[in-house]
Amino acid sequence: VSSWSTTFEKIAKAKAEKKDKYYANYEMLKNYWLNYLTTYFPTKQKLFEQLSTKTSSKENVEKVFDSIKHLINEEKMIQSYIDLFVVWGKNVVYIKTKLYAKKFDKELILKHIDILKNTESLLDESKLFRQILSYKNKWKSSSYVKHKFIEREEDKEIVEKVISEVFWDDWELENIKLELEKLQNKGFDKQKIVGKLLSKWFNYNLFKDIL
């Protein structure tokens, strides 16, 4: 086993050295990156990181990066992603997280997010209705749903409108009774039950009289 392990290590090392030598050539590294650039449309940070995995020659990495980074327009890329995420009905937190994950320039991300925050609600009413109905069917409280979907002041009106269409007090009260029964069956005392119900965003005014 040791012999085989040593052999594989030697092969892997030889391949790594061959690759490093191959991409140490400036033109070879540049050609690889032009192909990568047109295939994957990376951010500048991802471009630099990928270049660095191909060769130990920092000089060539920086040289190639400097020669092709102007081909990457992160401003337009960020806006395209934002437009796509908005069509998909994603909220600001989701969009911001995804842009950071793709390693766009942080200042550009914050600039576009600030613009986005000043726009009207990004929520689509028909999609929001289906989402809220789904949470209702999972026995979530209206307060829980409100907390989840009202991310900005601009979202408040549309979220409260849909909640009023999906939820009603009698249903909410029945939901509380079911949850209360579960907690009582687990032997929780009154104080713990109150804490559990509040943690699930149930309205205290609806359940205080039935405890």
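Please check: in the Gaussian network model of the chain (C-alpha springs, under 10 Å), which one of Leu133, Leu178, Leu47 has the largest mean-square fluctuation.
Leu178
From Cα pairs below 8 angstrom and at least 6 apart in sequence, can you work out the relative contact order of the chain, rounded to a whole percent? Write down the numbers at each step before the final one.
Values: 145 pairs, mean separation 30.6, N = 211.
Relative CO of the chain lands at 15 percent.
Which of Lys69, Lys138, Lys102 moves the most in a Gaussian network model of the chain with Cα springs under 10 Å?
Largest GNM mean-square fluctuation: Lys138.
Report the equivalent ellipsoid semi-axes for the stretch 53-211 in whole Å, largest first, defined as the square roots of five times the eigenvalues of the gyration tensor built from alpha carbon atoms. Please list the in-between numbers first.
Working: eigenvalues 431, 80, 27 Å².
Values for the stretch 53-211, descending: 46, 20, 12 Å.
Working with all protein chains in place, sort Thr55, Thr38 by solvent-accessible area computed with a 1.4 Å probe, largest first. Write down the numbers at each step before the final one.
Numbers: Thr55 10, Thr38 95 Å².
So, going from the largest accessible area down, we get Thr38, Thr55.
Please compute the per residue accessible area over the stretch 70-211 with all protein chains in place, 1.4 Å probe, rounded to a whole number of Å². Mind dumping the intermediate values first?
Details: 9110 Å² over 142 residues.
Computed with neighbouring chains in place, this is 64 Å² per residue.
If you rank Trp139, Trp201 by how much accessible surface each has, with a 1.4 Å probe, what is the order from largest down?
Working: Trp139 125, Trp201 105 Å².
Ranked from most to least accessible, the order is Trp139, Trp201.
Pop out the carbon and sulfur fraction of the accessible area of the chain as a percent, whole number, probe 1.4 Å.
Numbers: 7370 of 14120 Å².
C and S fraction of accessible area: 52 percent.
With springs only between Cα atoms under 10 Å apart, run a GNM on the chain and tell me which of Lys190, Lys117, Lys148 wobbles the most.
Lys190
The values are calculated or read from the model by the stated rules, or taken from the named source; none is laboratory data. Note that this is a predicted model, so its numbers are computed, not measured. Each accessible area value is taken on the protein alone, full model and side chains, heavy atoms only, with ligands, DNA and RNA left out. Shrake-Rupley method; radii C 1.70, N 1.55, O 1.52, S 1.80 Å.
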